[in-house]
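Q: Before we start, here is the structure in question, set down as structure tokens.
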Amino acid sequence: MEALKATHITKQYAEHIALDDVSLTIPKGSIYGLLGPNGAGKTTFIRIINQIINADSGEILINNEPLSTKHIAIIGYLPEERGLYKKMKVGEQLVYLGQLRDLPRREAIKRSRAWCEKLNIYDWWNKKIEDLSKGMAQKIQFISTILNEPELIILDEPFSGFDPVNANLIKDEILALRERGSTVIFSTHRMESVEELCDHIALINKSKKILEGTKKEIKESYRNNTYIVEHNGTLNGSLSNDYSILQQSCLEGDYHQSIVKMTNGDGPNNLLQHLISSVEVHSFIEKIPSINDIFITNVEGRGHE
Amino acid sequence: MNKLFLVIQREFTSRVKKKSFLLTTILVPLVFPAIFGGIFYFMQKEDESAKQQVIQVLDESNTLELTSSDKFKYIATQSSLEEAKTVLTESDSYGLLYIPEFNVENPTGFTFYAKSNPNFSVMNELEKKIERSVRDEKLRYYNIDKSVLDKLHTSIDLKALNISQGQEKESNANLAFGIGYVTGFLIYIFMFAYGGQVMQGVIEEKSSKIVEVIISSVKPFQLMLGKILGLASVGLFQMVIWIVLMTTIITVVTSILELEMPQTAQLSEATQAMEASAEGEKFMRLLAGIPFTKIILTFIFYFIGGYLLYGSLFAAAGSAVDSPSEAQQFMLPIMIPLIAGIVGMSSIIKNPDGMVSFWLSIIPFTSPIAMMGRIGFGVPVWELVLSMVLLILGFIFTVWLAGRIYRVGILMHGAKVNYRVLAKWFMMKT
């Protein structure tokens, strides 16, 4: 079942097309990485889901219902450009933002208190935002995003500006929310966090979707039968033409690392057999492209077209 | 609707809780009357405590009757002028009034010798007294009886009646003038102060980046309207507090003054007291003749209408820029009609039914100020209705216009904005 299904979304501004026929399917309970370089159209897409702007054409379904104002209450949104009312107190601010997301006042107070206690900032309840450190303010911003226990959480660059300790804290909370059944859309261009958290990925470049699927599938599809081998002795000329050595480097003495690509359809065991017969193999690992590599290949590749 | 109320509530409470709000709300009604009251009080005190000045009178004509007042005491001397002058320098008298034998037809030669430069009011008073005596002397010279003389002293009071409303009403141009100027000026000040605050609030929300979180829950239009209405309620609240505080202060102060009144009344001459009470009665009658309910209702209407009209323009200006300094370029066209309204006030008050007055009070951008200037003088009903309808249409138009610029503007950062860009935002679909 999909938490969100977008079909043929197009949005055009006066000079340029921000989204060009983009369709995305976001399964329930997933952590969905929306990737793309700056200006690709990620924020536009997110703003459309949040009903800040309207798409020119296309349809968005949330839980199989067309997107409408009632969905505001089940969405939590942490924009990339974030801020709080500097002169307002922490407690007041959380309660106000909760109420704007359709929480009754009493409930908003209860949940705000609970979250502040959980993230160890309850002592700051009556402090003004301007007296807080940046990390504290970030935590409050995060609490305000998830206060309404949203089914759909949209985080635009959630870790920017967080120190590693707080980034981990937030990461844990995101995972915990997913455990509880929330779906997380995660927009970023920081690939290491995608690798760590996301199970689904879509790549948007130049207002078009160029890739979508589970992280595993995508990585699979970018496998190109390349293996990293560490071995004693040299491989020169000892392998058949079915294998090409892309790179061989000396690590220490007679100890080498080679990157070998299979050009026939054989499995890794065949390669290993060939290798064992000519050198002493110390390690053998498939070279799977990182999301970062895939990202760069796609963005740059398309860029040259 | 519920969310609009939440936004209004936040705007209201966050501003009312500010220390600066508390200070201005309490200090303005205390400080201003205190300053005026203080000046008034000390002036009165000075008058009261002023020592009775002794003026020696050397009257060679033997015609002048100078009755001493609580300000001056006249003492007749009989010596020669030179002697009297030396006596003056040695005494602590204020001055010497020398009245030579004079020709009734052409009275000259009156001189006042003083030890210091006599001030204007003293000279004025003496001149008046001499003039009166000389006039009486002249009348006697022409054989006019004393009783006739007394009857000649009349005081004329021109009574102005306004018959335009079907019944005769006593009117007072000065009072209408005062009310028009004060209420018009109040509206002018309020538009600037609170319109400016709307703009600042919008810029603050935009530059602190909170706006995107808010408008993911609330329509931009609701947020804008909430801010404008929230601030309006702050303004009205402040105004009510001021009125209540001022009336309380005025009542308390006047009751204290009234307690002190009898003493001063005893000192002053009975006729003066009577004159004063007659004046007071007339003033009260005039006050009763002013259609206060009508003025207050129109004031509230133009106050709110004008504020909505300008507040939304200020909001649009704020949404287009990243900092208050950048907002200057958009402030000018907003300020010009406001200033035109207040400048036009002087010609409105001179001629409340003239062409300038009519147009200024009909055009929505100036009508909130201009109509207040006219209202005290009586405005034909159709003009008032036309002006009000146009103002309502006017603010609906500006709120709509501002809303369209605002919804795009608040999400734009670092853009170089000019009027062409604003027009583009206005046309943009979301």
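Q: Determine whether A:Gly33 is touching a Cys at 6+ places or on another chain (Cβ under 7 Å), of a type outside the set (A, V, I, L, M, F, W, C), away from every other protein chain (no Cβ under 14 Å) and surrounded by 22 or more Cβ atoms within 10 Å (Cβ to Cβ). Explain how you work it out, then say what you get.
A: Working: touching a Cys at 6+ places or on another chain (Cβ under 7 Å): yes; of a type outside the set (A, V, I, L, M, F, W, C): yes; away from every other protein chain (no Cβ under 14 Å): yes; surrounded by 22 or more Cβ atoms within 10 Å (Cβ to Cβ): yes.
Criteria met by A:Gly33.
Q: Further question: Tell me whether segment A:58-68 contains one or more residues that are surrounded by 15 or more Cβ atoms within 10 Å (Cβ to Cβ), more than 21 Å from A:Ile170 (Cα to Cα), touching a helix residue (DSSP H, G or I) at 6+ places or on another chain (Cβ under 9 Å) and within 11 Å of chain B (Cβ to nearest Cβ).
A: No - not one qualifying residue is present in segment A:58-68.
Q: Continuing with the same structure: Looking at (1) more than 14 Å from chain A (Cβ to nearest Cβ); (2) in contact with a Phe, Trp or Tyr (Cβ under 6 Å, 6 or more places away or on another chain); (3) over 25 Å from B:Ser133 (Cβ atoms), find the lone condition where B:Ser61 falls short.
A: Among (1) more than 14 Å from chain A (Cβ to nearest Cβ); (2) in contact with a Phe, Trp or Tyr (Cβ under 6 Å, 6 or more places away or on another chain); (3) over 25 Å from B:Ser133 (Cβ atoms), the lone unmet condition for B:Ser61 is (3).
Q: Right, another one. Regarding segment B:344-353, can at least one residue be identified that is surrounded by fewer than 16 Cβ atoms within 10 Å (Cβ to Cβ), modelled with pLDDT under 90 and not polar (S, T, N, Q)? Walk me through how you get there before you give the answer.
A: Of the residues in segment B:344-353, the ones surrounded by fewer than 16 Cβ atoms within 10 Å (Cβ to Cβ) are B:346, B:350-351, B:353.
Imposing the further condition that a residue be modelled with pLDDT under 90 reduces the set to B:346, B:350-351, B:353.
With the extra rule that they be not polar (S, T, N, Q), the set shrinks to B:350, B:353.
Yes: segment B:344-353 contains one or more residues that are surrounded by fewer than 16 Cβ atoms within 10 Å (Cβ to Cβ), modelled with pLDDT under 90 and not polar (S, T, N, Q).
Q: Can you name every residue in segment A:102-154 that is touching a residue at least 40 places away in the same chain (Cβ under 8 Å), among the charged types (D, E, K, R) and part of a helix (DSSP H, G or I)?
A: A:Glu130
Q: Take B:Val321 and decide whether it is more than 21 Å from B:Ile189 (Cα to Cα), buried (at least 22 other Cβ atoms within 10 Å of the Cβ), among the β-branched types (Val, Ile, Thr) and in the same structural domain as B:Thr398 (by TED's automatic domain parsing).
A: Values: more than 21 Å from B:Ile189 (Cα to Cα): yes; buried (at least 22 other Cβ atoms within 10 Å of the Cβ): yes; among the β-branched types (Val, Ile, Thr): yes; in the same structural domain as B:Thr398 (by TED's automatic domain parsing): yes.
Judged against the criteria, B:Val321 is a match.
Q: I need the strands (runs of 3 or more DSSP E) fully contained in segment B:71-121, keeping only those with at least 1 residues that are among the hydroxyl-bearing types (Ser, Thr, Tyr) and in contact (Cβ under 8 Å) with a residue 24 or more places away in the chain.
A: Details: elements: B:72-77, B:95-99, B:111-114.
The strands (runs of 3 or more DSSP E) meeting that bar are B:95-99, B:111-114.
Q: When residues of segment A:263-302 are filtered for being more than 29 Å from A:Cys198 (Cβ to Cβ) and modelled with pLDDT of 80 or more, how many remain?
A: Of the residues in that region, 14 qualify.
Q: Can you tell me which residue is nearest to the other protein chains (Cβ to nearest Cβ) among those in segment B:214-255 that are in a helix (DSSP H, G or I) and touching a Phe, Trp or Tyr at 6+ places or on another chain (Cβ under 7 Å)? Please lay out each step first, then the result.
A: Looking only at segment B:214-255, we keep the residues that are in a helix (DSSP H, G or I), and these are B:214-215, B:220-255.
Now restrict to residues that are touching a Phe, Trp or Tyr at 6+ places or on another chain (Cβ under 7 Å): B:220, B:224, B:230-235.
On the way: B:Pro220: 8, B:Met224: 14, B:Gly230: 13, B:Leu231: 15, B:Ala232: 20, B:Ser233: 17, B:Val234: 14, B:Gly235: 19 Å.
Selected residue: B:Pro220.
Q: Considering every residue within segment A:164-171, establish whether at least one is in contact with a Leu (Cβ under 8 Å, 6 or more places away or on another chain), within 29 Å of A:Asp293 (Cα to Cα), surrounded by 14 or more Cβ atoms within 10 Å (Cβ to Cβ) and more than 14 Å from every other protein chain (Cβ to nearest Cβ). I'd like the intermediate steps shown before the answer.
A: Going through segment A:164-171, the residues in contact with a Leu (Cβ under 8 Å, 6 or more places away or on another chain) turn out to be A:169, A:171.
Now drop any that are not within 29 Å of A:Asp293 (Cα to Cα), which leaves A:169, A:171.
Restricting the remaining residues to those that are surrounded by 14 or more Cβ atoms within 10 Å (Cβ to Cβ) gives A:169, A:171.
Imposing the further condition that a residue be more than 14 Å from every other protein chain (Cβ to nearest Cβ) reduces the set to A:169, A:171.
Scanning segment A:164-171 turns up at least one residue that is in contact with a Leu (Cβ under 8 Å, 6 or more places away or on another chain), within 29 Å of A:Asp293 (Cα to Cα), surrounded by 14 or more Cβ atoms within 10 Å (Cβ to Cβ) and more than 14 Å from every other protein chain (Cβ to nearest Cβ).
Q: Within segment A:72-92, how many residues turn out to be outside any loop (DSSP other than H, G, I, E, B) and in contact (Cβ under 8 Å) with a residue 24 or more places away in the chain?
A: So the answer is 10.
Q: Next question, about the same structure. Does any residue of segment B:380-388 turn out to be touching a residue at least 40 places away in the same chain (Cβ under 8 Å) and not charged (D, E, K, R)? I'd like the intermediate steps shown before the answer.
A: Let us first name the residues in segment B:380-388 that are touching a residue at least 40 places away in the same chain (Cβ under 8 Å), namely B:384, B:388.
So of that shortlist, the ones also not charged (D, E, K, R) come out as B:384, B:388.
Yes: segment B:380-388 contains one or more residues that are touching a residue at least 40 places away in the same chain (Cβ under 8 Å) and not charged (D, E, K, R).
The values are calculated or read from the model by the stated rules, or taken from the named source; none is laboratory data. Computed from a predicted structure; not experimentally measured. Cβ atoms come from the backbone with ideal geometry, glycine included; neighbour counts cover every protein chain shown.
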